[in-house]
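Here's the structure, in structure tokens; my notes come after.
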Amino acid sequence: MSGIKLTGDSNATSGGVTVRELTRLERIGAHSHIRGLGLDDALEPRRGGSQGMVGQAKARKAVGVIYRMINEGKIGGRAILLAGKPGTGKTAIAMGLAQQLGEDTPFTTMSASEVFSLEMSKTEALTQALRKSIGVQILEETEVMEGEVVEVQIDTAFSGEKAGSKAKGGMEKTGRLTLCTTDMETVYDLGTKMIDALSKEKVTAGDVITIDKASGKITKLGRSFSRSRDYDAMGSSTRFVQCPEGELQKRKEVVHNVSLHEIDVINSRQQGFLALFAGDTGEIKGEVREQIDGKVAEWKEEGRAKIVPGVLFIDEVHMLDMECFSFLNRALESDMAPVLVIATNRGIAKIRGTEYKSPHGIPLDLLDRLLIVSTDPYAHDEIKQILMVRCEEEDVEMAEDAMELLARIGTETSLRYAIHMIITASLAAEKRKSAEVEIEDIKRVYKLFVDVKRSTQYLMEYNKEFMFNELNDTDEYGVDNNEDKKPVAEGGVSSEGKEESMETSPLKVFPRGFLQKCEECMFNGLGYSDEYGRGNNSEKKPAAEDRVSLEDKGEPIEVSPYRSTPEASYDEDAHGS
């Protein structure tokens, strides 16, 4: 969910029309409340929703260690996997890492499905994403004039026709600029181009500016502290700086931050850097990249450039196929590889394009390279605190009892559903002209918008009335209750002694407790009849006795939104450890 929030400084009424001056335009997104990882100097998670982060203390601390290593330049070519069930804050942790690193460290975000939607090869799309995540700081010394503006004087004079020329007269601009430091003051004559540049930057007396002597570029550094008490109109974004010291003309080291991909585009297109704004960069030849890598290595040896390995975040990484995984496996061995952060919510799933199953839908050779960080489901108090942070972000006032009810709804359904209800409940409260969301508003939107569980129960009740329904009368979420028939395993092959066609993962034994966590992940391909360290029952009968039939009890049962079978209690003693 996203929206737009407008904030203004003043309102004015003229002729019955209210005019509000807009000073800031903010985009409210799903993770716009994230300001960082919420860690102290000892990498311990702060309490109370620090920097928008709530809960997941172990995961945040683990990612905090990764952040410290990235910041100190001691990590490169490493990969981190954020694994957990949906709605446990995997993307929020990645966004917190991006905010913590700051603007100087490149952070590229992409979804795995983008690789297949671009008009280029899959390996080229991944290569461009990797090179976008590698920054190059190019150091350059230039002569600049830096000082505080004392006075700007611009004169406009009319010039008549020149003798012996057909040119007509016009308006000519001349001006004088007075700059000063703590030690000296100088007056400069201005030409037409400099006058236009000063007017464009809206330079006035009291501003501290720098002028590049080579290009004539004017940069406003801020407002001088000597003018901080003036009663002129200054916005909240006004920055105050000290008056420069020493000489007006000085040599200054300028740092240009670019990425390797930007250098690739500039050197592979005829229009140069303008190709960055065209959008369609296309495929780039490998020879161009080799030359650029060699040149950047020379600059690094000469001290003219510094390589900054950034972070590439790939969400929903299970959407990649074997070719992409093999490419990433090789790319991580490169000398200039960024830190790879991937996230997935899959359990035991098939690798895309194959019949092989593997944990998280990722090949085992790549899993062996990953530092795996798991996320746990949020507790009731953590969900309530997250909802309070979101209410503050979306500027919604909510009563305490309504907040408690919304937190309970988030615990029983999902956190995302509860977050979606915030703005809808606010609109319901606004309709009845109330400034605060109350319980009746929560109940109203709860009836209007159903969650996944209620929607699934509705589908099962009226499935025959929907088009292309594939659920038979005897099937209950993929389980056949006809006693005359043999139960069918999830792989679609009967267990009457026939050889199974389902490919099994070479990973046979999982740690204790791993299978229970896999059952909570989406599209979990590990059935009760699969022998992943659960004992070798030759008959391989599905544990149908543990599945509860809808007809066994009169009361309705809860249906999980992430499984195709009803919720069944898992007995550790009955199925082996």
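The values are calculated or read from the model by the stated rules, or taken from the named source; none is laboratory data. In this text, all values refer to a predicted model and were calculated from it rather than measured experimentally. Neighbour counts are summed over all protein chains in view; Cβ atoms, including those assigned to glycine, are modelled from backbone coordinates with ideal geometry. Note: areas computed on protein heavy atoms with side chains; ligands, DNA, RNA excluded. Shrake-Rupley method; radii C 1.70, N 1.55, O 1.52, S 1.80 Å.
The figures follow:
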{"quantity": "Residue list for segment 30-47, restricted to those being more than 20 Å from R416 (Cα to Cα) and open to solvent by 40 Å² or more (accessible area, probe 1.4 Å)", "calculated": "D40, D41, A42, E44, R46, R47"}
{"quantity": "Residues that are open to solvent by less than 60 Å² (accessible area, probe 1.4 Å) and under 25 Å from I284 (Cα atoms), drawn from segment 93-109", "calculated": "T105, P106, F107, T108"}
{"quantity": "Selection within segment 53-78 - polar (S, T, N, Q), at negative phi and either open to solvent by less than 60 Å² (accessible area, probe 1.4 Å) or in contact with a Cys (Cβ under 9 Å, 6 or more places away or on another chain) (or both)", "calculated": "none"}
{"quantity": "Conditions (1) modelled with pLDDT under 85; (2) within 38 Å of the chain's Cα centre (by Cα); number of the one not met by D230", "calculated": "(2)"}
{"quantity": "Residue, farthest from V296 (Cα to Cα), within segment 321-344, restricted to residues that are among the polar types (S, T, N, Q) and surrounded by fewer than 23 Cβ atoms within 10 Å (Cβ to Cβ)", "calculated": "S326"}
{"quantity": "Segment 110-119, subset of a type in the set (S, T, Y) and open to solvent by less than 80 Å² (accessible area, probe 1.4 Å), residue nearest to the chain's Cα centre (by Cα)", "calculated": "S111"}
{"quantity": "Residue match in segment 78-96 (condition: over 27 Å from S334 (Cα atoms), in contact with a strand residue (DSSP E or B) (Cβ under 7 Å, 6 or more places away or on another chain) and part of a helix (DSSP H, G or I))", "calculated": "no"}
{"quantity": "Subset of segment 295-319 (residues that are of a type outside the set (D, E, K, R) and outside any helix (DSSP H, G or I))", "calculated": "G303, A305, I307, V308, P309, G310, V311, L312, F313, I314"}
{"quantity": "Yes/no for Q51 being in a helix (DSSP H, G or I), polar (S, T, N, Q) and free of Cβ contacts under 8 Å to residues at least 60 places away in the same chain", "calculated": "yes"}
{"quantity": "Residues located in segment 188-230, provided they are over 21 Å from T142 (Cβ atoms), open to solvent by less than 60 Å² (accessible area, probe 1.4 Å) and among the hydroxyl-bearing types (S, T, Y)", "calculated": "S224, S228"}
{"quantity": "Sole residue being over 30 Å from D207 (Cα atoms) and touching a His at 6+ places or on another chain (Cβ under 6 Å), chosen from K132, K122", "calculated": "K132"}
{"quantity": "Counted residues, segment 38-48 - those being assigned to a loop (DSSP other than H, G, I, E, B) and touching a Ser or Thr at 6+ places or on another chain (Cβ under 9 Å)", "calculated": "2"}
{"quantity": "Within segment 120-168, considering residues that are at pLDDT below 80 and either acidic (D, E) or within 30 Å of Q249 (Cα to Cα) (or both), the one least open to solvent (accessible area, probe 1.4 Å)", "calculated": "T156"}
